[in-house]
Amino acid sequence: TYSSDGDTGVLYVGVAKADITPPVGTWIFGGYSRKGPSTGLHDPLYMRALVFEVDGYRIGMISADLIKYCNKRVLNTAKERFNISHLLICSSHTHSGPVCGNYNSPDYDLPYALTVEKTMIEITEQG
């Protein structure tokens, strides 16, 4: 956590990071040439949170190594539990991560998606 006195108050900044690498054997959203689930691990996937607060006003940013992700439950939880008025969620758009943001995909991995959701909430709280 970092803080700095400014003209309007103290700025607090919190950060958090979590490993969101799925287990080997998970279906990967990597394009049409993939014929099966992952067979190994090249690099881990991460999620990071950054939360700013000044004069009681909080905003947050989350980045995740996913193809895409949007979840209103995460946004609502951030508002209700952590008093975060605005939360930006961005994905790195990696094609080496699992499908967890498209419910219509045949490769959608619900258990992994729920783990990602839980991790987003946890690192937002840590930030």
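The values are calculated or read from the model by the stated rules, or taken from the named source; none is laboratory data. Given the structure is predicted, the values throughout are model-derived calculations rather than measurements. For neighbour counting, all protein chains shown are included, and Cβ atoms are generated from backbone atoms with ideal geometry for every residue, glycine included. In case anyone asks, the SASA skips ligands and DNA or RNA and just uses the protein heavy atoms, side chains included. Shrake-Rupley method; radii C 1.70, N 1.55, O 1.52, S 1.80 Å.
Tell me, which longest segment in the chain has none of the chymotrypsin sites (Phe, Trp or Tyr not before Pro) that fall in DSSP loops with at most 15 further Cβ atoms within 10 Å? Formally, the longest exposed-site-free interval is 33-102. Placing pseudo-labels 7 Å out from each Cα toward the beta carbon at S33 and D19 gives an inter-label distance of 2.8 nm. Axis angle, to the nearest 10 degrees, between helix 110-126 and the longest C-alpha principal axis of the chain: 20 degrees. State whether the stretch 31-81 is rounded, prolate or oblate according to the following rule on the C-alpha gyration tensor (a ≥ b ≥ c being the square roots of its eigenvalues): a/c under 1.5 gives rounded; otherwise a/b larger than b/c gives prolate, and the remaining case gives oblate. Here the stretch 31-81 falls in the prolate category.
Between the amide H of I84 and those of K79, distances stay under 5 Å, these residues lying 5 or more places away or on another chain, with hydrogens modeled in the peptide plane. If you only keep lysine pairs separated by 8 or more in sequence, or across chains, how many in the chain come under 27 Å at the Cα atoms? Close lysine pairs under the 27 Å cut-off: 9.
Annotation: per residue accessible area for the chain equals 61 Å², rounded to a whole number [probe 1.4 Å, protein chains only]. For the pair L114 and H42 in one chain, pulling the backbone fully straight at 0.36 nm per residue adds 23.6 nm over the alpha carbon distance. Axis angle, to the nearest 10 degrees, between helix 72-82 and the longest C-alpha principal axis of the chain: 30 degrees. Per-atom-type breakdown for the chain gives carbon and sulfur 54% of the accessible area (1.4 Å probe, protein chains only).
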